[in-house]
Amino acid sequence: MATSMVKNMLGSYSDYFAALGAVAFSYLALKFACALLRGLKQFFLARTLGLSANIKKFGSWAVVTGSTDGIGKAYAEQLAKMGLKIVLISRSEDKLQNVAKEIGSKYSVETKIIAADYGRPDIYGKIQQQLNDLDIAILVNNVGMSFEYPSFFLELPDRDNMTSIVLPGMVERRKGAILNIASEAGCMPTPLLSVYSACKSYVVYLSEALNTEYKSKGIYVQTVCPCFVATKMSKIRKGNVFAPYPDTYVKSALGTVGVVSSTNGYWAHALQVWLTHLLPDCISKPMTFSVLNGARKRYIKKKARQQKTE
Ligand SMILES: NC(=O)c1ccc[n+]([C@@H]2O[C@H](COP(=O)([O-])OP(=O)(O)OC[C@H]3O[C@@H](n4cnc5c(N)ncnc54)[C@H](OP(=O)(O)O)[C@@H]3O)[C@@H](O)[C@H]2O)c1
């Protein structure tokens with residue numbers, strides 16, 4: 001009797017697990033098929049089917065930064081080949097003149113050059129002046145500077161200040177912890193918080209790279225990525241399970257130091273992130289936009305009410 005009950009129970013459980021397995025497999029198969037179709041569409045079919053944007057319809061000029069070499073120069077050439085006039089921006093005047101001459105004679109398009117060093121903060125006024133009257137179809141923000149060769153953080157000449165003050169002592173003592181408070185917004189591109197999200201992704205990347213570089217020297221570098229916490233910044237006054245008060249959040253987050261190198265810091269935040277990542281991008285991205293757009297509209301309404309009563 002007991003054996004047959006156990007058998008029955010196991011039987012129904014195995015049906016349940018088989019169904020669950022089939023759903024999980026179908027979901028993964030669907031994700032794979034979507035990724036494959038996306039890849040085929042963007043790399044092999046877009047041009048043939050005429051899906052790529054007709055950039056010439058957007059205007060007559062292309063602006064390409066870092067355009068005297070490498071990828072930037074190749075963009076400048078391809079865009080000139082499409083018939084666009086080209087603004088070339090790089091540091092070296094002589095290189096700019098050569099490339100402008102080369103592109104101008106090869107593709108018979110007008111070119112303009114601006115010599116500017118993106119390592120300096122005071123270049124934008126001059127660039128804006130020269131671009132003001134142009135009908136710009138496309139901007140290629142290509143300029144970027146990388147390391148001379150792969151280096152440890154403490155070997156870098158220009159580095160993040162607080163960490164570079166504290167880290168050498170920790171390395172000497174072969175112990176210490178650095179907690180970098182990033183944000184979940186730094187782990188996924190977050191609309192309506194664009195610059196904040198981008199800056200926090202810098203923190204996430206820096207922090208995770210530092211952890212790998214320095215863990216063998218006895219130092220924990222932990223990346224902390226909270227979702228909403230009830231603070232002035234989030235403008236959430238009343239805490240709840242998904243937006244805990246700061247003391248609740250920090251108590252939980254501190255318990256994770258030395259356990260994991262990257263954390264959401266609080267169980268409900270981890271659950272929220274896990275659930276969000278289960279959703280396909282086409283649902284999670286508009287959902288995030290809609291939540292934040294709702295918050296934006298509420299804030300603007302509230303401000304307007306306050307201004308009326310003042
Ligand atoms: N190559 C890769 O494997 C790779 C991989 C991933 C991403 N990227 C990204 O692709 C972009 C282009 O890289 P690339 O490999 O084509 O570089 P590149 O061949 O070294 O060319 C760099 C271009 O930027 C200009 N430039 C450099 N520093 C500048 C500054 N401070 N101000 C103004 N212009 C400056 C250079 O001209 P002047 O010297 O005349 O100023 C040159 O035209 C970068 O954003 C890079 O991070 C490259």
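Below, the figures for the structure above:
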read-out: Pairs, first assigned to a helix (DSSP H, G or I) in region 199-223, second charged (D, E, K, R), C-beta under 8 Å, six or more apart; value: Leu206/Asp160; Lys217/Arg174
read-out: Scan of region 251-270 for residues that are in contact (Cβ under 8 Å) with a residue 60 or more places away in the chain and assigned to a loop (DSSP other than H, G, I, E, B), ordered by number; value: Val257, Gly258, Asn264
read-out: Some residue of region 15-34 being within 16 Å of the ligand (Cβ to nearest atom), surrounded by fewer than 12 Cβ atoms within 10 Å (Cβ to Cβ) and not hydroxyl-bearing (Ser, Thr, Tyr); value: no
read-out: Of the criteria (1) within 13 Å of the ligand (Cβ to nearest atom); (2) outside any strand (DSSP E or B), which one Glu172 fails; value: (1)
read-out: Search result, residues across region 220-263 that are farther than 30 Å from Ile300 by Cα and among the small types (Gly, Ala, Ser); value: Ser252, Ala253, Gly255, Gly258, Ser261, Ser262
read-out: Residue within region 286-297 that is among the β-branched types (Val, Ile, Thr) and either under 30 Å from Val166 (Cα atoms) or modelled with pLDDT of 95 or more (or both) present; value: no
read-out: Residue check for Thr65: within 19 Å of Ile138 (Cα to Cα), within 16 Å of the ligand (Cβ to nearest atom) and free of Cβ contacts under 8 Å to residues at least 40 places away in the same chain; value: no
read-out: Selection within region 277-291 - under 15 Å from Phe242 (Cβ atoms) and in contact (Cβ under 8 Å) with a residue 60 or more places away in the chain; value: Thr288
read-out: Residue in region 175-187 that is basic (Lys, Arg) and free of Cβ contacts under 8 Å to residues at least 24 places away in the same chain present; value: no
read-out: Matching residues, region 213-248, being hydroxyl-bearing (Ser, Thr, Tyr), at pLDDT 95 or above and closer than 18 Å to Cys187 by Cα; value: Thr223
read-out: Whichever residue in region 69-127 is without any contact (Cβ under 8 Å) to a residue 60 or more places away in the chain and aromatic (Phe, Trp, Tyr) and, among such residues, is nearest to the ligand (Cβ to nearest atom); value: Tyr118
read-out: Subset of region 84-121 [of a type outside the set (A, V, I, L, M, F, W, C) and in contact with a helix residue (DSSP H, G or I) (Cβ under 6 Å, 6 or more places away or on another chain)]; value: Ser90, Tyr107, Thr111
read-out: Options Ala177, Ala185; residue that is assigned by TED's automatic domain parsing to the domain that holds Cys227, at negative phi, in a helix (DSSP H, G or I) and among the small types (Gly, Ala, Ser); value: Ala185
read-out: When residues of region 128-149 are limited to those that are surrounded by fewer than 15 Cβ atoms within 10 Å (Cβ to Cβ) and within 11 Å of the ligand (Cβ to nearest atom), the one farthest from the chain's Cα centre (by Cα); value: Phe147
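Listed here are the residues, each with its yes/no results for (1) in a helix (DSSP H, G or I); (2) among the small types (Gly, Ala, Ser); (3) over 17 Å from the mean Cα position of the chain (by Cα).
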| position | (1), (2), (3) |
| --- | --- |
| Gln272 | yes, no, yes |
| Leu275 | yes, no, yes |
| Lys285 | yes, no, no |
| Ala295 | yes, yes, yes |
| Tyr299 | yes, no, yes |
| Gln306 | yes, no, yes |
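The values are calculated or read from the model by the stated rules, or taken from the named source; none is laboratory data. What you see is a predicted model, and the numbers here were worked out from it, not measured in a lab. All Cβ positions, even for glycine, are placed from backbone atoms using ideal geometry, and neighbour counts span all protein chains on display.
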